[in-house]
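Asker: First the structure, which I've put down as structure tokens, then a few questions once you've had a look.
Just so it is clear, none of the values below were taken in a lab; they were calculated from the coordinates. Just so it is clear, the model here is predicted, and its values are computed rather than measured. Glycine gets a Cβ as well: all are built from the backbone with ideal geometry, and neighbour counts include every protein chain shown.
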Amino acid sequence: MATLTAVAPARTANQIAGVAAAAGGDEFANDGKQLLLIENGSGAEIDLTITTEKTVDGEDVADKVIAIPDGERHLIGPFPAQIYNDGDGHVNIGYEDHTNVTVAVIDASSV
């Protein structure tokens, strides 16, 4: 699992360059104001799984699974910390197929 570093948005043109999705999934630090930008160039639709850490009445809340069609770029989030953060304050994401998938984290805390 790779740890992604968030980029801050700016009022000037700033390039948001994604990195290759990791085979074992990725994680990123989250204060509830992060957004995930994912682009699927795999040749087929993939499922993105965002792990939920919350329980209700002792029952686990189901992970969030989002279908990302081939050739599309999606902006997802923010992620409420009390639902998605693990014990280290990170959101964990997994990919059905990571080949030709890029991902970036945008830190909207400063806006």
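Asker: Based solely on its DSSP helices, what 222 nm [θ] is calculated for the chain when runs of n ≥ 4 H residues each add -39,500 (n - 2.57) and the sum is averaged over all residues, nearest 500 deg cm²/dmol?
Answerer: -500 deg cm²/dmol
Asker: On to the next question. Taking 30 Å as R0, compute the FRET efficiency from the Cβ-Cβ separation of SER110 and LYS64 and round it to 0.05.
Answerer: E(calc), rounded to 0.05, equals 0.75.
Asker: Mind checking which of ILE38, ILE93, ILE76 has the largest fluctuation in a GNM of the chain, springs on alpha carbons under 10 Å?
Answerer: The residue that fluctuates most here is ILE76.
Asker: Could I ask something else about it? Looking at the chain as a GNM with Cα springs under 10 Å, which of GLY87, GLY71, GLY43 has the largest mean-square fluctuation?
Answerer: Comparing GLY87, GLY71, GLY43 in a Gaussian network model of the chain, the most mobile one is GLY87.
Asker: For a quick check, take a GNM of the chain with Cα springs below 10 Å and name the residue from LEU36, LEU75, LEU48 with the largest mean-square fluctuation.
Answerer: LEU75
Asker: Tell me which of VAL101, GLY77, ALA23 sits at the most positive position along the dipole axis of the range 18-110, charges placed on C-beta atoms (Lys, Arg +1; Asp, Glu -1).
Answerer: Positive-end residue among those listed: GLY77.
Asker: Once Rh is set to the Kirkwood radius over Cα pairs, what Stokes-Einstein translational diffusion coefficient, in µm²/s, holds for the chain at a temperature of 20 °C and a viscosity of 1.002 mPa s?
Answerer: My calculation gives 150 µm²/s for D.
Asker: Let me ask you something else. Would you calculate the separation in nanometres between label points at MET1 and ASP88, each defined as 7 Å from the Cα along the Cα-to-beta-carbon direction?
Answerer: It is 0.7 nm.
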